[in-house]
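Asker: Right, I'll just put the structure down here and ask away after.
The values are calculated or read from the model by the stated rules, or taken from the named source; none is laboratory data. The shown structure was predicted, so the numbers you read here are calculated from the model rather than taken from an experiment. Positions of Cβ are backbone-derived with ideal geometry, glycine not excepted, and every protein chain shown enters the neighbour counts. What goes into the accessible areas is simple: the full protein's heavy atoms, side chains included, and nothing from ligands, DNA or RNA. Shrake-Rupley method; radii C 1.70, N 1.55, O 1.52, S 1.80 Å.
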Amino acid sequence: MQKSSDEVWDQVWIGANIASMVAGAEPYGNIENAALAVKGERIAWMGPASEAKLKAAAQNLPVHDAQGLWMTPGLIDCHTHLVYGGNRVEEFEKRLRGVSYEDIARGGGGIQSTVQATRAATHEQLHASAAIRAERLMSEGVTTIEVKSGYGLELDAERRLLEVARDLETDLPVSIKKTFLGLHALPREFAADRRAFVNKVSGPWLQSLTEAGLVDAVDAFCENIAFSLVETECLLQAAKNLRLPAHVHSVSTKEMGGAELAAKWGALSADHLEYLSAAGARALAAAGTVAVLLPTAYFTLRQTTPPPVALLREAGVPLAVATDCNPGSSPCTSILLALNMACTLFGLTAEEALSGATRQAARALGALDDIGTLEVGKRADIAFWRIERPAELCYGMGANPCVGVLHRGKLREPALARIRSTHSPH
Ligand SMILES: [Zn+2]
């Protein structure tokens, strides 16, 4: 158990069961009946409750009793398209009435309809709808959300999406990672000149957005109906020149080798991965690239070929799980549902799934030094749960056992103030 020499705390919690999610001998990094102290934004100390009480008394600090609640790292949704205009509910209705994808696309539906609605939306409109989705995620213990642009497909609209993502972090108690998904779809105005679009995205657009401080990473949709390997590499090279990390939507066929491409460029993550060869899995493992699994998209699209989890495990690829929140293939704002489906549809163990939205999700964002596990020195992003054991976070469907959240050491949910009790130090 780690201890810190810094003995001056701001708050201390006892009586909690801690799922630290640190990789090791104990499942979920479990420490039962433990204590945890916070100083500023950081975890300052972890250890036995008896010792915590003595130290708190010496500092004349009140002790919060978590009364058997479980504490986990704040959950991390490492793949979302959270900011967009409009929605696709009409399309959903049409498909259920039997209208084909082709007819919907011919009628202006699909991703192009979201691009149109996004371009037409103001900053305030985009912010208002994205904030609702962010708050839904946050209510389930999420403290960090990765947000991709990609529905603007013109410089001003892409900038607006990334500015909204930035402002969500200012306006809500949540951390945001901003990803420029420049190569998401080909906008109509470039239909006759793909190369010009790829060059603009990889050149002046990326440059301008990066200079404005709006890009933490880049992403590209590498798929035979989206962007080719060569086109994707153009953006990855440009990102490398600017020292930006990358994610890759590897929705590729076997021939495309999207996973190999992500590995070759040292991408933080390769996402989707429904089609993956053994060589692709080995390449990801060797590069330390995280496989991000998106089971709610798989579910919505009624796909039948799940990502080859056994192959990924065997190769030693870290597995993350995310909502892929987007209006078309995953209108999902529940990370807990994604965990459930990662288990039921993809066969992850409960511990793998929960690691996928904590430790491995942090790794997928290049932020494992800071978040993703409960350890001394890491950010005090902590979710409190009324559960009997951590696997319940994957087991339930439609339940939300989150009763409170610390984000950067600050108590976020008023609910927690009601359930906690405070003991005086004397
Ligand atoms: Zn996506």
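Asker: Given a Förster radius of 51 Å and the C-beta distance between A310 and V8 as r, what FRET efficiency does 1/(1 + (r/R0)^6) yield to the nearest 0.05? Before the final figure, lay out each step's value.
Answerer: On the way: r = 49 Å, r/R0 = 0.96.
Computed FRET efficiency for A310 and V8: 0.55.
Asker: Related question: Which cross-chain or sequence-distant (5 or more) residues have an amide H under 5 Å from the amide H of T144, H modelled 1.01 Å from N in plane?
Answerer: Those lying under 5 Å, H to H, from T144 are D77, S175.
Asker: Looking at the chain as a GNM with Cα springs under 10 Å, which of A361, A157, A279 has the largest mean-square fluctuation?
Answerer: A279
Asker: Taking the Cα centroid of the range 296-341 and of the range 161-180, what is the distance between the two, rounded to the nearest whole Å?
Answerer: About 23 Å separates the Cα centre of the range 296-341 from the one of the range 161-180.
Asker: On full extension of the chain, what length is gained from K200 through E375, given 0.36 nm per residue of separation minus the C-alpha to C-alpha distance?
Answerer: On the way: separation 175, 0.36 × 175 = 63.00 nm, distance 4.29 nm.
Gain on stretching K200 to E375: 58.7 nm.
Asker: Let me ask you something else. State which entries of K94/K178; K148/K200; K200/K240; K178/K200; K378/K410; K240/K378 exceed 22 angstrom in Cα-Cα distance in the structure shown. List each step's numbers first, then the result.
Answerer: Values: K94/K178 33 Å; K148/K200 18 Å; K200/K240 16 Å; K178/K200 19 Å; K378/K410 14 Å; K240/K378 28 Å.
The pairs that break the limit, which is 22 Å between Cα atoms, are K94/K178; K240/K378.
Asker: Related question: Measuring from centroid to centroid over Cα atoms, what is the spacing of the range 1-75 and the range 213-286 in Å?
Answerer: Cα centres, the range 1-75 to the range 213-286: 39 Å.
Asker: Turning to a different aspect of this structure: Between D77, D167, D103, which gets the highest mean-square fluctuation from a Gaussian network model of the chain, Cα cutoff 10 Å?
Answerer: Sorting by GNM fluctuation, first place goes to D103.
Asker: Also: Report the residue, chosen from P204, P318, P187, that carries the largest GNM mean-square fluctuation when the chain is represented by alpha-carbon nodes joined by springs under 10 Å.
Answerer: P204
Asker: Ratio to report: Rg/Rh of the range 284-383, with Cα atoms as the point set and Rh obtained by the Kirkwood method; give two decimals.
Answerer: Numbers: Rg = 13.7 Å, Rh = 14.0 Å.
With Rh from the inverse mean 1/r over Cα pairs, Rg/Rh is 0.98.
Asker: How many nm separate the modelled label positions at R243 and D193, each set 7 Å beyond the Cα in the direction of the Cβ?
Answerer: Modelled inter-label distance: 3.4 nm.
Asker: Now for a separate question. Estimate the FRET efficiency between A25 and R97 by the formula 1/(1 + (r/R0)^6), using the beta-carbon distance for r and 51 Å for R0, to the nearest 0.05. Provide the component values of the computation, followed by the final result.
Answerer: Details: r = 54 Å, r/R0 = 1.06.
The value I calculate is 0.40.
Asker: In what order, largest first, do E91, E124 sit by accessible area if the probe radius is 1.4 Å? Mind dumping the intermediate values first?
Answerer: Numbers: E91 25, E124 125 Å².
In descending accessible area the options line up as E124, E91.
Asker: Once R0 is set to 25 Å, what does the formula 1/(1 + (r/R0)^6) return for the Cβ-Cβ distance between V89 and E124, expressed as a FRET efficiency to the nearest 0.05?
Answerer: Values: r = 22 Å, r/R0 = 0.86.
Computed FRET efficiency for V89 and E124 comes out at 0.70.
Asker: List the residues of the range 136-162 whose backbone N lies under 19 Å from a point placed 7 Å from the Cα of S208 along the Cα-to-Cβ direction.
Answerer: 149-162
Asker: Run lengths n ≥ 4 of DSSP H only: what is the helix-derived mean residue ellipticity at 222 nm for the chain, with -39500 (n - 2.57) per run over all residues, to the nearest 500?
Answerer: Details: 18 runs with 157 residues, N = 426.
So the calculated ellipticity at 222 nm is -10500 deg cm²/dmol.
Asker: Between the range 352-372 and the range 184-211, how many Å separate their Cα centres?
Answerer: 31
Asker: Right, next: Just need the relative contact order of the chain here, percent rounded to a whole number, with Cα pairs under 8 Å and 6+ apart.
Answerer: Values: 980 pairs, mean separation 84.7, N = 426.
About 20 percent, as a whole number.
Asker: Another question about this same structure. Quick one, could you list the DSSP H helices from the chain stretching 15 Å or more along their long axis (Cα atoms) with average Kyte-Doolittle hydropathy of 0.0 or above? Could you put the intermediate results ahead of the total?
Answerer: Values: long enough: 123-139 (23 Å, -0.37); 155-171 (24 Å, -0.72); 229-241 (18 Å, 0.24).
Helices meeting the span and hydropathy rule in the chain are 229-241.
Asker: Where both residues lie in the chain, what percent of DSSP beta bridges are antiparallel, nearest 5?
Answerer: Details: 27 of 59 bridges.
Given both bridge residues lie in the chain, the antiparallel proportion sits at roughly 45 percent.
Asker: Further, regarding this structure: Ignoring ligands, DNA and RNA, how do Y84, Y395, Y101 rank by accessible area with a 1.4 Å probe, largest first? Show your work: numbers first, answer last.
Answerer: On the way: Y84 15, Y395 180, Y101 130 Å².
Putting Y84, Y395, Y101 in descending order of accessible area: Y395, Y101, Y84.
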